[in-house]
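Working notes, beginning with the structure itself.
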Amino acid sequence: MDINYNSEEIVFRDEVRAFFAEKLSPRLSNKVKFGKRLAKADMEEWQKELNDRGWLAPNWPKEWGGAEWSAVQNHIFDEERWAANAPQIMPFGLGMLAPVLIKFGSEEQKSHYLPRMLDGTDWWCQGYSEPGAGSDLASLRTKAERDGDHYIVNGQKTWTTLGHFADWIFCLVRTSNEGKRQQGISFLMIDMNSPGIEVRPIILLDGEHEVNEVFFDNVKVPVENLVGEENMGWTYAKYLLTHERTNTANIGSSLAALASMKEIASRQMKNGKPLSQDPYFAARIAKVEIDLRAMQTTNLRVLVDADSGAAPGPESSMLKVKGTIIRQEINDLARRALGPYALPFSSEAMDEGYNDEPIGPDYANPIASEYFNNRKLSIFAGSNEIQRNIISKTKLGL
Amino acid sequence: MDFNLSDDRRMLSETLSRFLGDKYSIEKRHECAASDDGFSRDMWNEFAELGIVGALFSEENGGFGGGGEDINVVFEQLGRALVVEPFLPTLLAGSLISELGSDAQKEMLEGVISGEKLIAFAHGEPGSRYEIERVTAKAEKAGDGWQLNGNKSVVLGGGAADTLIISARTSGDEDSANGISLFVVDAGAAGLDVRSFGTVDGYPAAEIAMRNVSGELLGNEGEAFEAIEKAYGRATLAVCAEAMGAMDVAKDFTVEYMHQRKQFGVEIGKFQVLQHRMADVLIELEQMRSSIINASGHMNDDRVIRERMVSSAKHLAGRIGRQVAEEAIQIHGGNGMTWEYAVSHYAKRIIMIDHLFGDTDHHLERYISIGA
Ligand SMILES: Cc1cc2nc3c(=O)[nH]c(=O)nc-3n(C[C@H](O)[C@H](O)[C@H](O)COP(=O)(O)OP(=O)(O)OC[C@H]3O[C@@H](n4cnc5c(N)ncnc54)[C@H](O)[C@@H]3O)c2cc1C
């Protein structure tokens, strides 16, 4: 047993660190650090840096421009990127669709779509959930009917993250009502500019436009846009879910948030002393830190297993549940740490050009809002209740 | 023993509840919150006409209530509708004027109760967190009057107030209970800089900076602490009751949603894990209600019992509030995350009440330090 990174992993970590130091502009890292809104152009700028370095799609096979990183390398990168306050890479195309295409797509699909993801030509969004199909995804009803060389798609997707930025959407659609519900589902790629598509914003509780409803009214989709075989979409979606859960434990995000929360606690004063020295608050910090350190190792134990070929199964459900609880607890402590200054909130202050003097400490504005926004972590990507159902069924045989 | 409300209070509660049901939909609430003032002056006048503002003042001060139970009844209803009008600032500043004001100063209460005049209490400071003793703003004698210098932060209702009650130190160390004085300051006073903003849950507040602002002493010089503590106690009870109302509604929304929403072919309310969690919510809400009854019942008792009960209630409001708000969002799934579903706004208010007048940790510590 060796609980430390080996020498190659350390070399890799230093390389990643140096890259961030050199290529991540202070403008971008400050925006991330101070919770400013990222524009699409900001994300594109950063994706380009990563692509130039060959690190935009590190998990892809090298023949498609990937780096074939190990799970541990991915983890190191994730920790470092959060520590450096680098923008998040939107996972929909690069991290979700691409693995499915690489495994199940045709040669034409791979050679057409993969390079366009890397160079930023196409932005993707994920069209799985529907108003009536959330946790019970297999009940989805958006249907695609074959008509000559096309499918005609009718129905509605919802919660589509950044659908308003996207050029393309990959959807699960119903192509058959025969047999089990899971058997009549297909995986279809749809151009967001097709006639008959309408995107409507959903405003979240923090006032932000992050997700959308997407309506399909007789949308014509060429049959070449089917991935794999008709009615096999559920299998591909399940395959994708294992990828969606690779960073599921939120370790990098939690570590960075913990550091920033501790920084806040050391600057906020209580009874004439830094809050971080207050026994009540120090105990709260210590508890979450203890959980997080253990979680870091739980996560690495799963990842190292994955590197030696074991596909993460219910373990990823365990990582999801505990990882999101920890992440949300850190959000909770950050808002607590601010005391009364958690209250003021200005939406304009999240814009890049905003230069007015902040109300309260300059780090305060986004904190409560982030606490509310991150309630999503236990709802999406398989709610924590669904994950616990999976754990009790598959791990405990109950 | 009798845990029923008196007829008067039941009527007050029903009147307010009916009025809010008719006039204060969630859409109306958002409209009030999004307006320039951050609340509606028209609504405020209607509340005053209905006697709801007067219910926060005793008869001798021109009202018809002012006791712990009145506060409890009024604020629970306000919480049920997420009312953004300035009841809390009125209660705070009004308590101080009632307690300490000279006859001349008390004259302004008439205008307050009738809704014409808005008041607020500016006490917290950028570095004071939840300590009510910590006051660094200074007041010095200048001629016949006083001059104030310093900063006040997150002043509820501070932007719209016509008159502010402002605390400042006239002697003693910056964290000493002795040496704090209160001043009546006109909102238009020279040197007073008021910067309004909205809170994350939609209520109006302001940052205040003072440079040689003239004020008139309220109460005795250096002896305001006791009255401030009492006024904070009343306001703390008020937000506990407000949280109670908001939590009860969030619970009802959630249970209703559990009946409506189907996944896997059944109502999600059929899933036992969700049933148990809402059963826990219900148990905790009864605990919350009891601790509010304790606090309002002891509002006029000796400091130790009164303040311990206030801190008990606020400690629970923070702890239980988080549980109720988070469960409400979680069980609503994606819909609980949206602006459109009212439950999210209830959750925000419930959580942010933890940041008013001391959070759950503060009141745990205070409960211990006040002693038995
Ligand atoms: C911010 C955000 C972004 C999202 N982005 C996307 C996206 O880009 N693309 C996309 O396709 N989807 C996206 N989603 C949708 C997300 O995957 C769904 O919200 C999620 O699957 C839950 O579905 P639901 O919201 O319909 O809740 P429901 O499934 O209705 O669940 C409601 C509650 O019931 C519980 N529940 C359900 N079934 C059970 C059960 N069997 N046992 C116990 N409890 C149960 C749930 O855990 C939850 O607490 C996003 C959601 C959010 C909030």
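The values are calculated or read from the model by the stated rules, or taken from the named source; none is laboratory data. Quantities reported herein were computed from a predicted structural model and do not represent experimental measurements. Glycine also receives a Cβ, built like all others from the backbone with ideal geometry; neighbour counts cover every protein chain displayed. The protein model used for the area step is the full one, side chains on, heavy atoms only, and it has no ligands, DNA or RNA in it. Shrake-Rupley method; radii C 1.70, N 1.55, O 1.52, S 1.80 Å.
Computed quantities for the displayed model
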| quantity | calculated |
| --- | --- |
| A:Val153 vs. criteria more than 28 Å from A:Asn384 (Cα to Cα), within 16 Å of the ligand (Cβ to nearest atom) and modelled with pLDDT of 95 or more | yes |
| Lone qualifier among A:Ser111, A:Ser139, A:Ser129 - being crowded, with 18+ Cβ neighbours inside 10 Å and hydroxyl-bearing (Ser, Thr, Tyr) | A:Ser129 |
| Evaluation of B:Gln287 against (1) closer than 30 Å to A:Ala133 by Cα; (2) in contact (Cβ under 8 Å) with a residue 24 or more places away in the chain; (3) open to solvent by 20 Å² or more (accessible area, probe 1.4 Å) (one fails), failing number | (1) |
| Extreme residue, farthest from the other protein chains (Cβ to nearest Cβ), among residues of the range B:362-372 that are in a helix (DSSP H, G or I) and open to solvent by 20 Å² or more (accessible area, probe 1.4 Å) | B:Ile370 |
| Complete set of residues in the range A:373-394 that are near the ligand (Cβ under 6 Å from one of its atoms) and either of a type in the set (D, E, K, R) or more than 11 Å from B:Gly333 (Cβ to Cβ) (or both) | A:Lys376, A:Glu385, A:Asn389 |
| Those residues of the range A:361-380 which are at the interface with chain B (Cβ under 7 Å from one of its Cβ atoms) and not hydrophobic (A, V, I, L, M, F, W, C), in sequence order | A:Ser369, A:Arg375, A:Lys376, A:Ser378 |
| Cβ pairs under 6 Å, 6+ apart, first in the range A:124-146 and away from every other protein chain (no Cβ under 14 Å), second in a helix (DSSP H, G or I) and more than 10 Å from the ligand (Cβ to nearest atom) | A:Trp124/A:Gly93; A:Trp124/A:Leu97 |
| Condition met for A:Ala21 (open to solvent by 20 Å² or more (accessible area, probe 1.4 Å) and among the aliphatic types (A, V, I, L, M)) | yes |
| Residue, nearest to A:Ala237 (Cα to Cα), within the range A:82-95, restricted to residues that are more than 16 Å from the ligand (Cβ to nearest atom) and open to solvent by less than 20 Å² (accessible area, probe 1.4 Å) | A:Pro87 |
| Which numbered condition A:Arg200 fails, given (1) more than 14 Å from every other protein chain (Cβ to nearest Cβ); (2) open to solvent by 40 Å² or more (accessible area, probe 1.4 Å) | (1) |
| Residue selected from the range A:252-275 under the condition modelled with pLDDT of 95 or more and open to solvent by 40 Å² or more (accessible area, probe 1.4 Å), by the criterion nearest to A:Ala368 (Cα to Cα) | A:Ser260 |
| Unmet requirement for B:Met352, which otherwise passes all of (1) open to solvent by 10 Å² or more (accessible area, probe 1.4 Å); (2) in contact (Cβ under 8 Å) with a residue 60 or more places away in the chain; (3) more than 16 Å from the ligand (Cβ to nearest atom); (4) within 7 Å of chain A (Cβ to nearest Cβ) | (1) |
| Close pairs (6 angstrom Cβ cut-off, 6 or more residues apart or separate chains): within 12 Å of chain B (Cβ to nearest Cβ) in the range A:381-398, part of a helix (DSSP H, G or I) and of a type in the set (Asp, Glu) anywhere | A:Ala381/A:Glu244 |
| Residue in the range A:317-326 that is closer than 28 Å to B:Ile350 by Cα and free of Cβ contacts under 8 Å to residues at least 60 places away in the same chain present | yes |
| Any hit, the range A:323-341, residues being within 13 Å of chain B (Cβ to nearest Cβ) and farther than 24 Å from A:Ser276 by Cα | no |
| Pairs, first touching a residue at least 12 places away in the same chain (Cβ under 8 Å) and away from every other protein chain (no Cβ under 14 Å) in the range A:148-169, second of a type in the set (Lys, Arg) and within 7 Å of the ligand (Cβ to nearest atom), C-beta under 7 Å, six or more apart | none |
| Residues located in the range A:170-186, provided they are without any contact (Cβ under 8 Å) to a residue 40 or more places away in the chain and either within 16 Å of the ligand (Cβ to nearest atom) or not in a loop (DSSP other than H, G, I, E, B) (or both) | A:Arg174 |
| Strands (runs of 3 or more DSSP E) wholly inside the range B:85-175 containing at least 3 residues that are of a type in the set (A, V, I, L, M, F, W, C) and either open to solvent by 20 Å² or more (accessible area, probe 1.4 Å) or more than 30 Å from B:Cys32 (Cβ to Cβ) (or both) | B:145-156 |
| Residues satisfying the stated conditions in the range A:203-242, i.e. more than 14 Å from every other protein chain (Cβ to nearest Cβ) and acidic (Asp, Glu) | A:Asp217, A:Glu224, A:Glu229, A:Glu230 |
| The one condition in (1) more than 14 Å from chain B (Cβ to nearest Cβ); (2) part of a strand (DSSP E or B); (3) open to solvent by less than 60 Å² (accessible area, probe 1.4 Å) that A:Gly120 fails to fulfil | (2) |
| B:Gly157 being within 14 Å of another protein chain (Cβ to nearest Cβ) and either in contact with a Gly (Cβ under 9 Å, 6 or more places away or on another chain) or of a type in the set (Gly, Ala, Ser) (or both) | yes |
| Hey, B:Gly333 open to solvent by less than 10 Å² (accessible area, probe 1.4 Å) and within 11 Å of chain A (Cβ to nearest Cβ) or not | no |
| Selection from the range B:182-197 of residues that are within 22 Å of the chain's Cα centre (by Cα) and open to solvent by less than 30 Å² (accessible area, probe 1.4 Å) | B:Leu182, B:Phe183, B:Val184, B:Val185, B:Phe197 |
| First in the range A:361-374 and on the phi < 0 side of the Ramachandran plot, second anywhere and within 16 Å of the ligand (Cβ to nearest atom) and of a type in the set (D, E, K, R), Cβ under 6 Å, 6 or more apart | A:Ser369/A:Asp206; A:Phe372/A:Asp206; A:Asn373/A:Asp206 |
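Let's see how each residue does on (1) in contact with a helix residue (DSSP H, G or I) (Cβ under 8 Å, 6 or more places away or on another chain); (2) among the charged types (D, E, K, R):
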{"position": "A:Arg116", "(1), (2)": "no, yes"}
{"position": "A:Asp119", "(1), (2)": "yes, yes"}
{"position": "A:Trp123", "(1), (2)": "yes, no"}
{"position": "A:Tyr128", "(1), (2)": "yes, no"}
{"position": "A:Arg146", "(1), (2)": "yes, yes"}
{"position": "A:Asn154", "(1), (2)": "no, no"}
{"position": "A:Ala166", "(1), (2)": "yes, no"}
{"position": "A:Gln183", "(1), (2)": "yes, no"}
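So that you can scan it fast, the table gives a plain yes or no per residue for (1) open to solvent by 40 Å² or more (accessible area, probe 1.4 Å); (2) of a type in the set (Gly, Ala, Ser); (3) more than 23 Å from the chain's Cα centre (by Cα); (4) not assigned by TED's automatic domain parsing to the domain that holds A:Lys31:
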| position | (1), (2), (3), (4) |
| --- | --- |
| A:Val288 | no, no, no, yes |
| A:Gln296 | no, no, no, yes |
| A:Val302 | no, no, no, yes |
| A:Ile325 | yes, no, no, yes |
| A:Arg335 | no, no, no, yes |
| A:Leu338 | no, no, yes, yes |
| A:Ala342 | no, yes, yes, yes |
| A:Asn355 | yes, no, yes, yes |
| A:Glu370 | yes, no, no, yes |
